1. Which one of these is over 27 Å from R166 (Cα atoms) and at pLDDT 95 or above: L143, L137?
2. With segment 76-152 as the region, which strands (runs of 3 or more DSSP E) entirely inside it contain at least 2 residues that are touching an Asp or Glu at 6+ places or on another chain (Cβ under 7 Å)?
3. Can you tell me which residues in segment 206-216 are closer than 17 Å to G39 by Cα and either surrounded by 16 or more Cβ atoms within 10 Å (Cβ to Cβ) or among the charged types (D, E, K, R) (or both)?
4. Here are G6, G55: which of them is of a type in the set (G, A, S), surrounded by fewer than 17 Cβ atoms within 10 Å (Cβ to Cβ) and at pLDDT below 95?
5. Taking the residues in segment 85-102 that are out of contact with any Leu (no Cβ under 6 Å at 6 or more places or on another chain) and either charged (D, E, K, R) or within 13 Å of E125 (Cβ to Cβ) (or both) as candidates, determine which candidate is least open to solvent (accessible area, probe 1.4 Å).
6. Out of the residues in segment 103-132 meeting the condition of being touching a residue at least 24 places away in the same chain (Cβ under 8 Å) and charged (D, E, K, R), tell me which one is surrounded by the fewest Cβ atoms within 10 Å (Cβ to Cβ).
7. Would you confirm whether or not segment 153-160 contains a residue that is modelled with pLDDT under 95, under 28 Å from T27 (Cα atoms) and in contact with a Leu (Cβ under 6 Å, 6 or more places away or on another chain)?
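The values are calculated or read from the model by the stated rules, or taken from the named source; none is laboratory data. Treat the numbers as computed from the prediction; the structure is a model and nothing was measured. Backbone-built Cβ (ideal geometry, glycine too); neighbour counts: all protein chains shown. Just the protein is used for accessible areas: all its heavy atoms, side chains included, with ligands, DNA and RNA removed. Shrake-Rupley method; radii C 1.70, N 1.55, O 1.52, S 1.80 Å.
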Amino acid sequence: MKYEWGTPPQPEWYDHYSDQFYQFKTTQNPLWVERGVFGLLPMKQGANVLELCCGDGYNTYHFYSIRADKIIAVDYDKECVAHAKKYNQAKNIVFELCDIRYQIPQGSFDNIVWDAAIALFTEEESTIIIKNIKDRLTPNGVLTGYSLVEPMTGKQTSVHNERVFRSKEDLKRFFEPYFKHVKVFETIYPSRHNLYFYASDDVLPFDPEWQYLTQK
């Protein structure tokens, strides 16, 4: 892991078994499970799910597959799709090679996950992608995902990033033209400042109407 990420060229995808078997024990940092947990939270049992930029498929298998009826998980990198099929395949998961700048699988989805990749696209590309996402979400469907806050020093968190988000408010503004309801929240660790988002035209987690929430 240190060799792959510490020397150029930096990979475009990450093997999360490194987190499970090395990083977690070494750093005592739980941030690596957040994406899977927060992405799972809005999914209802039996959901039809589309995951964009799925990477190694770790979260697809270990978090989403237990609740989803079917998951179509796509990435444009042949190597990582092959890895996902080898190590994280399940009967309700279909891994596909796909560049979402040019195409997104057809269908109607209860949940779309766009995780850790929104910063990889230009503003023009992101606008096209978000419109395609809207076309494929059910009326009460939820888009979930994650990005990083770029440090004010100007140093990029990844050499592959095309778009910078400076705050919760900055990321929220990106989604507001497309969705009636947007939630953005953050977690901060010494090594990383994370932004998580939920976007929908319907109820979001922890809204008063959310079915899993008990109110006095």
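1. L137
2. Numbers: elements: 93-97, 109-115, 137-148.
In segment 76-152, 137-148 are the strands (runs of 3 or more DSSP E) which contain 2 or more residues that are touching an Asp or Glu at 6+ places or on another chain (Cβ under 7 Å).
3. Within segment 206-216, D207 is the sole residue that qualifies.
4. The match here is G6.
5. Of segment 85-102, the ones out of contact with any Leu (no Cβ under 6 Å at 6 or more places or on another chain) are 85-99, 101-102.
Right, trim to either charged (D, E, K, R) or within 13 Å of E125 (Cβ to Cβ) (or both) and you get 85-86, 91, 96, 99, 101-102.
Numbers: K85: 104, K86: 150, K91: 209, E96: 71, D99: 34, R101: 84, Y102: 173 Å².
Only one residue tops the list, namely D99.
6. Within segment 103-132, the match that is surrounded by the fewest Cβ atoms within 10 Å (Cβ to Cβ) is E123.
7. yes
Let's see how each residue does on (1) touching a Lys or Arg at 6+ places or on another chain (Cβ under 7 Å); (2) in contact (Cβ under 8 Å) with a residue 12 or more places away in the chain; (3) open to solvent by 50 Å² or more (accessible area, probe 1.4 Å):
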{"position": "L50", "(1), (2), (3)": "yes, yes, no"}
{"position": "A68", "(1), (2), (3)": "no, yes, no"}
{"position": "I72", "(1), (2), (3)": "no, yes, no"}
{"position": "Y76", "(1), (2), (3)": "no, yes, yes"}
{"position": "H83", "(1), (2), (3)": "no, yes, no"}
